[in-house]
Structure formats: C-alpha cells, structure tokens
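To start, the structure under review is shown below, and the notes come after it.
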Ligand code: GTP
C-alpha cells in the first residue's frame with residue numbers, strides 16, 4: 001500500500017469508556033468480519049481480559065476503509081495493554097502509530113487514566129482525535145466533556161466526534177476523522193529494511209508470531225532477516241495481517257503493520273522493541289528505544305496438592321511459551337513442598353499468571369509473599385542477588401544490603417491528594433515534584449519497590465476511588481536497613497510468609513500480618529500463638545483461643561443429612577489447608593494475609 005493511504009492508530013480510553021465496543025464497531029463497519037463472525041468484543045480475546053477488562057497482549061487489526069474521497073485506506077488499529085506492568089509494551093505499540101483516538105465517556109468525562117495515556121501518546125508525537133462516546137445515555141453532557149477535554153488535556157476538541165459505539169452513531173465520522181487528521185506514516189521503500197518488533201506470541205499452529213511495524217524497506221516471504229538486538233538470523237516464511245481473521249500477504253512495505261513468522265520456537269527469541277533488518281545489506285543502526293525487560297517481582301508458586309507438581313510444571317512451561325517476561329525455576333520449601341520461584345513484571349502480571357494457572361489449568365496454588373530482588377554485599381566482599389527471602393544468609397555475614405527504587409508519577413483529582421501523599425510518605429517515599437494540570441495533581445515520588453509490590457496499587461485505587469493512576473520506572477539500587485521477618489504459627493516458622501522488610505516497617509507490617517492471620521486461621525482444640533519475629537526477637541504476637549465445641553454438636557444428632565453435609569464441607573475445606581505445627585491454615589489465608597488492607 002502507498003504510504004499516503006495508510007493510517008496507524010490506537011485507542012486511548014479510561015476503563016469502561018467504550019474502547020472495546022468502539023473497536024468492534026469499526027471492524028464491523030469496515031467489513032473485517034461478517035455479523036455472524038462478530039463475537040462480542042473480538043479484540044480482547046482472552047477470558048481474563050474480558051472479565052477484568054484489561055488488554056494483556058497487543059493485537060492489531062487492519063481495516064480497509066473507502067473514505068468519502070473515494071480512496072480506500074489501510075487503517076491499522078492497534079490495541080494496547082492498559083496497565084503499568086506492561087508500560088514498555090505500551091510504549092512500543094505507541095511508537096508504531098502516528099495517532100490515537102481519545103475516547104471519553106460523555107457522562108463521566110475525563111478521568112485520571114485517560115490523562116496518563118494521553119500524555120504518553122503526546123510524548124510519541126501522536127495526532128489525537130477526540131471522540132465523545134455514549135451520547136445515547138440520558139446523563140450524557142457532550143458539551144461539558146468537550147470543554148473538559150480542552151481545559152484538562154489542553155487539546156482542541158472543537159471538532160470532537162460525538163458518538164455512541166453501542167448504537168452505532170458517529171462511526172463513519174470517526175473513520176473520516178482518522179483519515180483526515182492522523183498523518184500518514186513516513187518511510188523509504190528503497191532503504192535497507194528496518195522493522196520494529198512490536199509484539200510476539202506463541203501460536204500452536206504457526207509457532208511464534210511476530211507483530212511488526214515496517215519503518216523502511218520491505219519484508220517478504222523467503223527473506224533472511226536479522227534481529228539486531230537478539231543477534232539471531234531467521235528465514236521469514238509467512239507475512240500477513242489480521243482483519244481480525246489471519247490473512248497472508250505477499251509483503252509488508254514501509255508504514256505497514258502486520259505479522260511475520262520465521263520458524264521461531266520461543267517468544268524469548270523475539271524481543272519486543274528489537275529491530276528486524278536483512279542479513280545482507282541490512283541497516284547499520286537499530287531503532288531507538290529498545291529495552292530488555294526483566295522480572296522485578298518474585299514469588300513462590302506451590303501446588304496445594306503435592307500430586308499436582310508435574311501438572312504445575314507443565315502448565316507453567318506452556319504459559320512461558322507465550323510470555324517471555326515471566327521466569328521460573330524450581331524451588332522447594334520446608335512447609336510447602338516442591339514448587340516454583342517465579343518472576344513477574346509486577347503484581348498485576350503475577351495475578352494474571354496465577355489466575356490463568358488456576359483457571360485454564362485447573363490448579364489450586366499457594367502463592368508466597370512477593371519479593372523484589374535485593375543485592376547483598378557480604379563481609380568477604382562478594383556480591384549476591386537475593387530473589388527469595390528463604391535464601392537469606394546469616395545477617396552477621398552481610399556487610400550491607402541494597403534494594404531497588406522506582407520513580408512513580410501519580411495523577412489524581414485534587415481531593416484525594418492528601419491521602420495519596422500520606423500513603424507515599426508511609427511507604428518511605430521521597431516527594432520530588434508536585435504540579436497541577438487542569439484540576440488534577442501530578443505528583444512524583446521516589447519509592448522503594450518493596451513498598452510498592454505489596455498492595456500499593458490497590459491502596460492507591462481504593463483511597464482515590466479508582467481515580468488516581470500511576471506509572472513507574474526503575475531508577476536503580478539504594479542501600480537500606482533491611483531485615484528478615486519471620487511469621488511463626490504455633491512456634492513454627494511459616495516460610496511462605498517470611499519476608500524482607502525495612503526495619504522501620506517491620507513492626508507495623510508484622511502486627512498487621514499476625515492480626516490478619518488470627519482472623520483467617522480457624523480455631524483448633526488448643527491455643528495457637530501467632531508471632532512475627534526478627535531473628536529471636538518477637539515484634540508482634542496474637543493468640544487464637546482454643547475451640548470449645550465440636551462443630552457438629554449443634555446438630556443434636558437429629559438431622560443426619562445435615563450433619564453429613566457439614567462433615568463433607570469440612571473435608572473439602574481440609575483439602576485446601578496446609579498444616580504448620582499441627583495447625584491447619586486455609587489456602588486463602590496465605591493470599592489474604594499478604595494483601596494487607
Ligand atoms: P475496558 O476494556 O474495561 O477498558 O473497557 P472499554 O473501554 O473497552 O469499554 P467497553 O467497550 O467494554 O464498554 C464498557 C461498557 O460501556 C459496556 O457495558 C458497553 O456496552 C458500554 N458502552 C460502550 N459504548 C457505549 C455507548 O456508546 N453507549 C452506551 N450506553 N454504553 C456503551
């Protein structure tokens with residue numbers, strides 16, 4: 001396709017403002033799928049994505065649209081993941097586009113998440129086309145929202161398209177605006193090939209599929225290509241695009257977005273942000289912006305039922321095929337048996353993997369406390385990376401410990417600012433900047449990552465009623481006064497709950513944990529002490545008193561079926577319990593205890 005007839009864009013929207021519905025409409029309007037094939041929300045194609053409303057893997061669809069000028073345009077609509085854990089993937093997707101549709105709910109107006117995304121888009125020099133959606137709602141106030149877009153975001157919204165993705169209003173106007181306002185990509189067909197690797201995933205039939213944006217040159221079947229960062233060579237055996245059906249094409253030229261396959265077996269070999277060029281006469285310089293992504297949060301995943309270990313191994317292996325940012329290695333725990341130490345991009349990433357394992361592979365899992373990677377400098381001068389608190393050496397052998405820090409940028413409506421500053425302060429944050437954009441505050445903090453991996457994001461969302469958004473990047477290691485805290489149940493350490501904490505946080509965190517556990521662990525026939533300790537020093541303690549009656553006693557032996565049911569229920573509960581020093585701890589307790597509210 002001629003450059004002048006190509007438009008590459010993404011959709012920016014706050015959660016629930018109608019991004020998926022609009023994408024579906026655009027596909028339907030341009031005939032990518034017949035009505036029968038239009039299943040609900042085709043772009044979000046994984047169950048978890050649908051349920052949680054989060055896009056995990058970027059997907060791009062090509063729409064062929066004949067505009068009012070009579071010319072048929074190739075529109076590439078790129079879906080981007082919407083969470084900070086995947087910030088790097090988002091940045092590469094945005095770098096592959098020239099513009100964005102900004103979808104704002106006509107009844108809700110501009111929200112914090114919208115802002116964060118818009119700024120990213122502006123940073124990538126995107127042309128932004130505002131769309132005011134849901135004008136069919138009785139509560140819609142399109143004119144108010146139009147002003148808000150101008151005041152808060154600072155872009156011209158005088159010709160914002162008024163639309164209802166649900167009722168199909170304004171769809172043609174949106175397509176016309178894309179063609180008229182978003183610039184065509186630039187590129188040189190005769191220059192050496194330069195294509196950006198935007199995304200990659202594993203397909204059971206095709207192997208690794210790579211989404212590319214061609215900058216210069218042409219990519220076609222039979223070409224020998226080189227991945228400039230990965231340093232590997234591959235033979236391209238298929239080129240195509242999604243409409244969203246997969247279609248093979250003879251080539252992808254400059255400005256185009258599509259996929260290639262090249263007999264690659266593992267996604268690890270196809271790193272997001274890499275530059276693809278030809279083996280012969282290739283480009284001299286790779287595209288800017290490449291970053292190697294590395295897991296930052298680690299935790300142990302153990303099967304509740306030890307017999308599920310092999311199944312867990314297989315399932316983790318399968319998930320890893322599709323997600324190179326997630327790492328795993330075998331680990332054994334005194335209390336939990338055999339499992340895996342896994343690394344994730346962040347807490348949401350952790351939750352997604354954990355959820356997929358339990359749902360898609362039907363596994364009951366215990367997750368240990370998430371931990372970041374610490375660097376230990378030992379008294380003998382050697383340096384160690386600590387991925388697992390269980391591997392913590394004797395403190396007297398440690399000279400000093402360093403922990404990773406992040407720079408976090410938080411956008412929030414003014415009224416929540418006070419509580420947010422307090423939250424950051426409580427988490428050892430150092431305020432770096434505070435500015436106002438429209439009616440919203442933008443605060444910058446430096447924070448230790450280990451204070452963020454617990455429940456920072458959940459807390460932020462709850463104190464701001466979901467309005468605050470948060471973006472972060474790592475800024476390196478800093479020395480910290482860190483200690484290992486153990487949790488003892490009935491005088492036995494529960495290794496799954498031991499964690500590295502800053503000395504100043506140990507007591508409040510230990511107290512919160514034992515209080516939580518007191519509620520979560522059912523009573524037994526004997527008294528159960530629950531303690532938090534640093535070394536031999538107990539810093540918090542609670543006791544669960546002994547149970548007085550048999551659970552079935554209140555059935556008076558009369559109603560046999562009820563008694564049976566109760567016992568069965570108990571048995572079922574047992575399966576999901578772990579035993580520590582004769583104490584049964586329900587599986588949910590581990591997860592709940594770690595989610596300190
Ligand atoms: P996430 O995937 O959660 O980010 O949400 P989204 O922005 O993709 O929103 P989605 O398309 O899933 O729409 C959210 C809800 O709004 C759904 O219940 C839609 O049916 C509804 N919706 C979308 N567009 C319109 C519209 O134009 N009018 C009305 N009344 N409802 C709409």
Review point. Of all residues in the range 308-320, which are surrounded by fewer than 18 Cβ atoms within 10 Å (Cβ to Cβ) and closer than 21 Å to residue 267 by Cα?
Key: 313, 314, 317, 318
Review point. (1) surrounded by fewer than 20 Cβ atoms within 10 Å (Cβ to Cβ); (2) at pLDDT below 90; (3) over 26 Å from the mean Cα position of the chain (by Cα): which one isn't true of residue 455, the others all being true?
Key: (3)
Point to revise | Filtered residues of the range 375-414 (kept if in a strand (DSSP E or B) and under 24 Å from the mean Cα position of the chain (by Cα)) | key: 386, 403, 404, 405, 406, 407, 408, 409, 410, 411, 412, 413
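Per-residue answers, yes or no, for (1) in contact with a helix residue (DSSP H, G or I) (Cβ under 8 Å, 6 or more places away or on another chain); (2) without any contact (Cβ under 8 Å) to a residue 24 or more places away in the chain:
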site: 372; (1), (2): yes, no
site: 391; (1), (2): no, yes
site: 396; (1), (2): no, yes
site: 403; (1), (2): yes, no
site: 410; (1), (2): yes, no
site: 419; (1), (2): yes, no
site: 429; (1), (2): yes, yes
Exercise for review: Evaluate the range 213-225: report whether one residue or more is over 18 Å from residue 249 (Cα atoms) and more than 26 Å from the chain's Cα centre (by Cα).
Suggested key: no
Practice item. Scan the range 11-31 and report the pairs whose first residue is farther than 13 Å from residue 166 by Cα and modelled with pLDDT of 90 or more and whose second residue is in a helix (DSSP H, G or I) and within 8 Å of the ligand (Cβ to nearest atom), with Cβ atoms within less than 7 Å and a gap of 6+ or a chain change. Key: 11/19; 11/22; 11/23
Revision key, fill the gap. Every listed condition ((1) over 25 Å from the mean Cα position of the chain (by Cα); (2) modelled with pLDDT under 90; (3) within 14 Å of the ligand (Cβ to nearest atom)) holds for residue 35 save (3)
Check your understanding: Can you tell me which of 90, 104 is in contact (Cβ under 8 Å) with a residue 40 or more places away in the chain and either touching a helix residue (DSSP H, G or I) at 6+ places or on another chain (Cβ under 6 Å) or part of a helix (DSSP H, G or I) (or both)?
Key -> 104
Point to revise | In the range 141-167, the residues that are part of a loop (DSSP other than H, G, I, E, B) and within 21 Å of residue 413 (Cβ to Cβ) | key: 141, 154, 155, 157
Study note, to complete from the structure: With criteria (1) more than 30 Å from residue 214 (Cβ to Cβ); (2) without any contact (Cβ under 8 Å) to a residue 40 or more places away in the chain, residue 288 comes up short on (1)
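Residue by residue, here is whether (1) within 14 Å of the ligand (Cβ to nearest atom); (2) touching a helix residue (DSSP H, G or I) at 6+ places or on another chain (Cβ under 8 Å); (3) within 22 Å of residue 467 (Cα to Cα) holds:
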position	(1), (2), (3)
80	yes, yes, yes
96	no, no, no
99	no, yes, no
118	no, yes, yes
124	no, yes, no
138	yes, no, no
149	no, no, yes
**Study point:** Meets criteria (under 18 Å from residue 4 (Cβ atoms) and in contact (Cβ under 8 Å) with a residue 24 or more places away in the chain) for residue 195
**Key:** no
**Study point:** Residues within the range 513-530 that are part of a loop (DSSP other than H, G, I, E, B) and either surrounded by 15 or more Cβ atoms within 10 Å (Cβ to Cβ) or within 37 Å of the chain's Cα centre (by Cα) (or both), tallied
**Key:** 3
Review point. Among the strands (runs of 3 or more DSSP E) confined wholly to the range 198-311, which include 2 or more residues that are in contact with a helix residue (DSSP H, G or I) (Cβ under 7 Å, 6 or more places away or on another chain) and within 30 Å of residue 366 (Cα to Cα)?
Key: 297-303
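The values are calculated or read from the model by the stated rules, or taken from the named source; none is laboratory data. The structure presented is a predicted model; accordingly, all values stated were derived computationally and were not measured. Note that each Cβ is placed from the backbone with ideal geometry, even for glycine, and that neighbours are counted across all protein chains shown.
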